[in-house]
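The values are calculated or read from the model by the stated rules, or taken from the named source; none is laboratory data. Every value quoted in this text rests on a predicted model; they were computed, and no experiment measured them. Cβ sites come from the backbone with ideal geometry, for glycine too, and all protein chains shown count toward neighbours.
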Amino acid sequence: MRLVEEALAAGLRLRGALVSAELDRTARGAALRVELEKHAVPVEEVGTRTLEKLADTETPQGIVAVVEPRKWAPDELPLTERGVVLVIDGVQDPGNVGTLIRTAHALGAAGTIVLRGTADVVGPKVLRAAMGATFRHPVISLDDAAFIAWARRRGVTLWAAAADGTPLHRAIGGTGKGKGEGGKGDDGPVGVIVGNEGAGIRPHLNAVSTKRVAIPLAQGAESLNVAVAAGILLYEVLRGR
């Protein structure tokens, strides 16, 4: 229900919906059916067993809908001079990818760019983990060459997350007006790259990154979940803009 509600609220086109009696058993479900009617979405009633076969969850909530998401071109991404974009390189766990998109949207990133090896951004597990953010937040899939060309064309400074990188507080202290380590090269938009859960960011993306940054951890802590790390990085980079 949450995803259908979010798709309607975001103004996306719904081609149709299948509903079962389960939907009308809650006030929320009944209200959602009314909203579908208001938006002239074709609705067909089916039996509970039929819906269970169509849904990929163990306990479906009585609705399956076909949504037409917005497709963004790279140059449509609303990236300002002080904007930040999240770049996902080969993150394979759908829950992590969905949480990354949700986090980028919540923290005010201009968009998310997804590179090869990353879980399908419109897969059901990714969509559920994103909690509807996919319907509002620009998400663009690019191959490596197109991404690098786009970053150069838009003047995006790339920061790669790395365990052995510059501590984040020092990297942030160097942004803008020639301060600290960052200096003039940090003017303009920033792309924060996070990588595969085990292997990290691929070498050629590290090579084109201006900075490699790390989140200092307590002694004995080996690493952070990629989505948690991205949330910290995005928050701090955006705060310093």
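Could you name every one of the helices (runs of 4 or more DSSP H) located completely within the stretch 1-72 that has at least 2 residues being among the β-branched types (Val, Ile, Thr) and surrounded by fewer than 14 Cβ atoms within 10 Å (Cβ to Cβ)?
In the stretch 1-72, 48-54 are the helices (runs of 4 or more DSSP H) which contain 2 or more residues that are among the β-branched types (Val, Ile, Thr) and surrounded by fewer than 14 Cβ atoms within 10 Å (Cβ to Cβ).
Do you know which residues across the stretch 29-55 are of a type outside the set (A, V, I, L, M) and either closer than 14 Å to residue 66 by Cα or in contact with a strand residue (DSSP E or B) (Cβ under 9 Å, 6 or more places away or on another chain) (or both)? Explain how you work it out, then say what you get.
The first filter runs over the stretch 29-55 and keeps only residues of a type outside the set (A, V, I, L, M), leaving 29, 33, 35, 37-39, 42, 44-45, 47-50, 52-53.
Selection gives 29, 33, 37, 39, 42, 44, 45, 50.
For the condition touching a residue at least 12 places away in the same chain (Cβ under 8 Å) and closer than 24 Å to residue 240 by Cβ, what is the one hit in 98, 117, 83, 123?
The conditions single out 83.
Restricting the stretch 169-180 to residues that are touching a helix residue (DSSP H, G or I) at 6+ places or on another chain (Cβ under 8 Å) and more than 13 Å from residue 214 (Cβ to Cβ), which is modelled with the lowest pLDDT?
178
Please state which of the following conditions residue 222 fails to meet, knowing it meets all the rest: (1) modelled with pLDDT of 95 or more; (2) in a loop (DSSP other than H, G, I, E, B).
Residue 222 satisfies all of (1) modelled with pLDDT of 95 or more; (2) in a loop (DSSP other than H, G, I, E, B) except (1).
Note down all Cβ pairs under 8 Å where the first residue falls in the stretch 189-202 and is touching a residue at least 60 places away in the same chain (Cβ under 8 Å), the second is polar (S, T, N, Q) and in a loop (DSSP other than H, G, I, E, B), and they're at least six residues apart or on different chains.
As it stands, the answer is 189/80; 193/209; 196/92; 197/92; 201/209, since those pairs meet every condition given.
Of 41, 19, 84, which residue is out of contact with any Phe, Trp or Tyr (no Cβ under 6 Å at 6 or more places or on another chain) and in the same structural domain as residue 111 (by TED's automatic domain parsing)?
It is 84.
Can you report the number of residues in the stretch 74-102 which are surrounded by 24 or more Cβ atoms within 10 Å (Cβ to Cβ) and within 23 Å of residue 153 (Cα to Cα)?
6
Among the candidates 121, 64, which residue alone is aliphatic (A, V, I, L, M), under 30 Å from residue 46 (Cβ atoms) and not assigned by TED's automatic domain parsing to the domain that holds residue 191? Let's see the steps before the verdict.
Values: 121 fails: not assigned by TED's automatic domain parsing to the domain that holds residue 191.
The unique qualifying residue is 64.
Modelled with pLDDT under 95 and either assigned by TED's automatic domain parsing to the domain that holds residue 129 or more than 15 Å from residue 87 (Cα to Cα) (or both): does that describe residue 231?
Criteria not met by residue 231.
Considering only residues that are among the aliphatic types (A, V, I, L, M) and in a loop (DSSP other than H, G, I, E, B), look in the stretch 103-118 and name the one that is surrounded by the most Cβ atoms within 10 Å (Cβ to Cβ). Even if it seems obvious, please write down each step before you answer.
Filtering the stretch 103-118 for residues among the aliphatic types (A, V, I, L, M) gives 104, 106-107, 109-110, 113-115.
Adding the requirement that they be in a loop (DSSP other than H, G, I, E, B) leaves 109-110, 115.
On the way: 109: 25, 110: 20, 115: 21.
Per the criteria, the residue is 109.
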